[in-house]
Ligand code: 3PG
């Protein structure tokens, strides 16, 4: 892909696809991470004299104008993060948008209204893409986290304008390439989360690429049960046992070592701070459920870190949002941060829950790279082609 190093943007109108799909509660933005990580690209473009026209989706308005899903608050937040004036226009194509772009001077920044207010966005309608393309001379995509969508503003418009990766897109792609594309070995992956069924493709792809695959979260229960262990009342997917055994067999065939928990923290009920016990995975009481990986398992993982060169992490080890079932995830996150700080380990993490868990553990800034993407990070780990990335590579 071509980066911003290969284009002269001075005086040009640049359509920048951002991901301003930020978390909002009661009309207030609760996390500015995506806006902060986008700001270097905007600053660079503006400082180089581009007329910066920012477009993005927000939420899922399904082709209708939904006032609560306006990007106006994100434009204001962007202005505050940048410390610069950021203009806003109440449409993303058509006369109003065109006139607002015409008024821009080099260095000015304009945010367009939510692209998903138009049905053409998600349909990747060529006419809507053409409406976006009309606003600019070049297209820069900085929305890796939306690159798994083949929409007009992520894919369609890139066919109509000279297209480049923004700095955040570039950083995401370089980090993922170093983690799984051509990693320094040995490379391990930690995969957690509730269900094997939602991460099947991920597990299948990772088994073929990594030396060690650590499985945690409730999906580990399914694997333990598939091995014939009694997991009591634990969350697990009985219809996935055969699939889990297939994954174990495939791993063995290709020399990928799968690490499952050897002990677990169990409780009779899933709630905050109930009475808990730590047991071997061979001795889970029938009336109890596994809610976190146990300390012996975590200690074994931590002991393995110095032998690794690369680590990819997606999904928490336990029910980390409910104390004390955050203990394993927090302990491992802190150990990964320390191994990374020492300079021996390249650590890359991503996915919505994983990012919350790393923030909760206080190490969000201490890994080599934390992706700003959720679904797109997962699809990349699954080995899928992301349409928004592929079109930049053409
Ligand atoms: C995300 O937040 O993962 C992206 O912005 C994509 O949003 P979507 O799932 O609504 O397409």
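All of the numbers you see were taken from the coordinates with simple rules; none came from a lab. Please read these numbers as outputs of a predicted model, since none were measured by experiment. Every residue, glycine among them, receives a Cβ derived from its backbone with ideal geometry; neighbour counts consider all protein chains shown.
Worth a mention:
- Lone unmet requirement of (1) within 16 Å of the ligand (Cβ to nearest atom); (2) closer than 20 Å to residue 214 by Cβ; (3) buried (at least 19 other Cβ atoms within 10 Å of the Cβ) for residue 352: (3)
- Positions within segment 272-286 being part of a strand (DSSP E or B) and over 27 Å from residue 311 (Cβ atoms), in sequence order: 276, 277, 279
- Within segment 112-148, the set of residues being more than 19 Å from residue 164 (Cβ to Cβ) and not in a helix (DSSP H, G or I) comprises 113, 114, 118, 124, 125, 148.
- Condition broken by residue 234, with the remaining ones in (1) under 30 Å from residue 179 (Cα atoms); (2) in contact with a helix residue (DSSP H, G or I) (Cβ under 6 Å, 6 or more places away or on another chain); (3) surrounded by fewer than 23 Cβ atoms within 10 Å (Cβ to Cβ) satisfied: (1)
- For residue 126, the criteria (1) under 15 Å from residue 154 (Cα atoms); (2) in contact with a strand residue (DSSP E or B) (Cβ under 8 Å, 6 or more places away or on another chain); (3) surrounded by fewer than 20 Cβ atoms within 10 Å (Cβ to Cβ) hold in every case but one, which is (2).
- Counted residues, segment 360-394 - those being more than 16 Å from the ligand (Cβ to nearest atom) and farther than 27 Å from residue 6 by Cβ: 9
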